[in-house]
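Engineer: Below is a structure I'd like to ask you about.
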Amino acid sequence: MNTPTKYLQQRRILIGITGGIAAYKICELIRRLKEQGAEVKTILTAGGKEFITPLTIRALSGETDVEDAMSHITLARWAEVLLVAPASANFIAKFTHGLADDLLTTTCLATTAPILIAPAMNQQMWQNHATQQNMALLKQRAVTILGPNSGEQACGETGPGRMLEPHDLLQALDTHFAPRLLHNKHVLITAGPTQEAIDPVRYLSNHSSGKMGYALASAALKLGAKVTLISGPTQLSLPATHNLEIVHVKNAAQMLNAVMQHIKAAQPKVDFFVGCAAVADYTPAEARPQKIKKNTATFTLELTRTADILQAVAQLPASLRPFTIGFAAETENLLQNAQQKLHAKCLDMVIANAVDNGKVFGQEENQAWIIRKDLPPVELPIMRKEVLAVRILEDLSCEL
Ligand code: PMT
């Protein structure tokens, strides 16, 4: 839940809390928003008060305003964004039809701020035609719908209708305020390790968790890009959105095929390629069809070189070639080796990170250098991978 955000500092965020068991999760969201430097005000509906108290909310948000006859106008003008979470079926119906019978619905009508809603209700109520038609109307009116998630519900049923988690709401608000630096840009990213089969039960791989590559994909989405993520095997996932395609692959050959296929099929062309995956440099000369038996004291495995995906992309003709960024994972001579990769693979940029002593692989933080042709390397401080990803992409957005 402590994923940092970048764009919430001093933002004025109004949260409407309606009646639903998920209301308690908003306490966590308010805390995180305050930690990130946002200003928060809340409207707790009568239904919301059945689940959490005004005192709890005010203690967390630090609100001191006293509600009066003009609150709906002052709050409507104050808000830079209005998030309704949890948004109950009843609130959604009232909002869709322009009812104004309490502070939240009157504020919804009175504000010109963008409105985001995070529905939360029983799965049958969510799937009911009335709710679905209301949602369709709200989408037409450019209301942003966040979720809902599918899963186990407080009522014991399973299905769609769970409110997004506070972490996802926090990220959605951060995305809302993020500059659209990569709007209309297509970013293709590789992430995670590859697994090279030795036999049906064994493979060669490495320690990449995919965190850095997935952080880059998230950051690119936040900055408005269309993202294709070619992912090796990881434990990670990203919330589905229309701008994101994830392609799962296992080995280096599949990763190469997926990358080339997507670059060649893209219309218009891919703008940026970021090779963050830890791709195997060697693969077993043959994957044995049956499990290898331990009959001998020693065992020799013949390996052959894999194709270099990054280099293959960098050498594409100009009509297809994206601006190409590689990573350099080094255990010694970091800058020297990274510079060498930049030139040998004809790259436009290299992100160099030192991976000795258990650093970087699987960790939440990374410390990197940005290296470009003919420019002195730029050293970045150690930071969370999500923040580093935004920093790298902000840099990239100046390139095209
Ligand atoms: O996934 P995490 O746990 O978050 O860890 C992040 C990371 C350490 C994997 C990441 O920050 C990183 O450094 N990724 C690149 C790892 C790597 O393979 O580095 P390399 O120096 O061996 O390769 C250089 C570049 O060539 C990389 O961009 C790599 O994707 C690319 N390559 C390598 C071999 C190959 N056959 N094809 C390639 O495209």
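Engineer: Can you classify the range 121-176 as rounded, prolate or oblate using the Cα gyration tensor, where a ≥ b ≥ c are the square roots of its eigenvalues, rounded means a/c under 1.5, and otherwise it's prolate if a/b beats b/c and oblate if not?
Structural biologist: Oblate, because a/c is 1.5 or more while a/b does not exceed b/c.
Engineer: When the Karplus curve 6.51 cos²θ - 1.76 cosθ + 1.60 is applied with θ = phi - 60°, which whole-Hz ³J(HN,Hα) does each residue of the range 60-77 get, with x for Gly and Pro?
Structural biologist: Residue by residue, the range 60-77 yields 6, 7, x, 5, 10, 4, 9, 5, 9, 5, 9, 4, 4, 7, 5, 5, 4, 6 Hz.
Engineer: Return the long-range amide H neighbours of TYR203 (sequence gap of 5 or more, or a different chain), with a cut-off of under 5 Å between placed amide H atoms.
Structural biologist: ILE198
Engineer: Taking the chain as a Gaussian network, where each spring joins two C-alpha atoms under 10 Å apart, which residue of LEU55, LEU82, LEU109 fluctuates the most?
Structural biologist: LEU55
Engineer: Could you work out the local net charge near LYS269, counting Lys and Arg as +1, Asp and Glu as -1, over the other residues with Cβ closer than 13 Å to its Cβ?
Structural biologist: Values: positive: LYS185, LYS226, LYS264, ARG321; negative: ASP271.
Result for the local shell: +3.
Engineer: Hey, another quick one. Please give the net charge around ASP308, taking every other residue with its beta carbon less than 9 angstrom from that of ASP308, where Lys and Arg add +1 and Asp and Glu add -1. Don't skip to the answer; put the middle values down first.
Structural biologist: Numbers: positive: ARG305, LYS345; negative: ASP281.
For residues surrounding ASP308, the net value is +1.
Engineer: A further question on this structure: Around ASP356, what is the net charge, scoring Lys/Arg as +1 and Asp/Glu as -1 over all other residues with Cβ under 10 Å from its Cβ?
Structural biologist: Working: positive: LYS359; negative: GLU330, GLU332.
After counting each charged neighbour, the total is -1.
Engineer: Could you give the distance between the Cα centres of the range 1-74 and the range 191-236, to the whole Å?
Structural biologist: 36 Å
Engineer: Of ILE145, ILE30, ILE292, which has the largest mean-square fluctuation in a 10 Å C-alpha GNM of the chain?
Structural biologist: Looking only at ILE145, ILE30, ILE292, the biggest GNM fluctuation is shown by ILE292.
Engineer: Spelling out what I want: for every residue of the range 232-241, take phi, set θ = phi - 60°, compute 6.51 cos²θ - 1.76 cosθ + 1.60 (Karplus), and round to whole Hz; glycine and proline get x.
Structural biologist: Once rounded to whole Hz, the list reads x, x, 9, 9, 9, 8, 10, x, 5, 8.
Engineer: Separate question: May I ask you to give the percent of accessible area on the chain that is carbon plus sulfur, with a probe radius of 1.4 Å? The partial results should precede the final answer.
Structural biologist: On the way: 10010 of 19500 Å².
Whole-percent figure for carbon plus sulfur exposure: 51.
Engineer: Give me the Kirkwood hydrodynamic radius of the chain, using the inverse of the mean 1/r over all pairs of distinct Cα atoms, in Å to one decimal.
Structural biologist: Values: mean 1/r = 0.0425 Å⁻¹.
Evaluated on the chain, it is 23.5 Å.
Engineer: Here's a follow-up. Counting DSSP beta bridges in the chain, what percent are antiparallel, to the nearest 5?
Structural biologist: Working: 19 of 61 bridges.
Percentage antiparallel, nearest 5: 30.
Engineer: Translational diffusion coefficient of the range 1-126 at 37 °C, 0.692 mPa s, Stokes-Einstein with Kirkwood Rh over Cα pairs, in µm²/s as a whole number. Before the final figure, lay out each step's value.
Structural biologist: Details: Rh = 14.7 Å.
So the translational diffusion coefficient is about 224 µm²/s.
Engineer: Taking the range 27-79, which GluC sites (Glu not before Pro) meet the DSSP loop condition and have no more than 15 other C-beta atoms within 10 Å?
Structural biologist: GLU50, GLU63, GLU67
Engineer: So, in Å, what gap is there between the alpha-carbon centers of the range 345-387 and the range 259-322?
Structural biologist: Value for the Cα centre distance between the two parts: 22 Å.
Engineer: Determine ³J(HN,Hα), in whole Hz, for all residues of the range 162-174 in sequence, where each value follows from phi through the Karplus function 6.51 cos²θ - 1.76 cosθ + 1.60 and θ = phi - 60°; x replaces Gly and Pro.
Structural biologist: My calculation for the range 162-174 gives 6, 5, 4, 6, x, 4, 5, 5, 4, 5, 5, 5, 4 Hz in order.
Engineer: Which value in deg cm²/dmol, rounded to the nearest 500, describes the helix-derived mean residue ellipticity at 222 nm for the chain, given -39,500 (n - 2.57) per DSSP H run of n ≥ 4 and division by the residue count?
Structural biologist: Numbers: 14 runs with 131 residues, N = 400.
Result for the chain, helices only: -9500 deg cm²/dmol.
Engineer: Cut-off 10 angstrom, C-alpha nodes, Gaussian network model of the chain. Which of GLN290, GLN261, GLN195 fluctuates the most?
Structural biologist: Fluctuation is largest for GLN290.
Engineer: Another question, if that's okay. Hey, could you grab the Kirkwood Rh for the range 242-373? Inverse mean 1/r over distinct alpha carbon pairs, Å, one decimal.
Structural biologist: Its Kirkwood hydrodynamic radius stands at 17.0 Å.
Engineer: Compute the Rg/Rh shape ratio of the range 336-400: radius of gyration over Kirkwood radius, all on alpha-carbon atoms. Can you show the working numbers first?
Structural biologist: On the way: Rg = 12.2 Å, Rh = 12.6 Å.
Taking Rg over the Kirkwood Rh, I get 0.97.
The values are calculated or read from the model by the stated rules, or taken from the named source; none is laboratory data. The structure presented is a predicted model; accordingly, all values stated were derived computationally and were not measured. No Cβ is skipped: glycine too gets one built from the backbone with ideal geometry, and neighbour counts run over all protein chains shown. Just the protein is used for accessible areas: all its heavy atoms, side chains included, with ligands, DNA and RNA removed. Shrake-Rupley method; radii C 1.70, N 1.55, O 1.52, S 1.80 Å.
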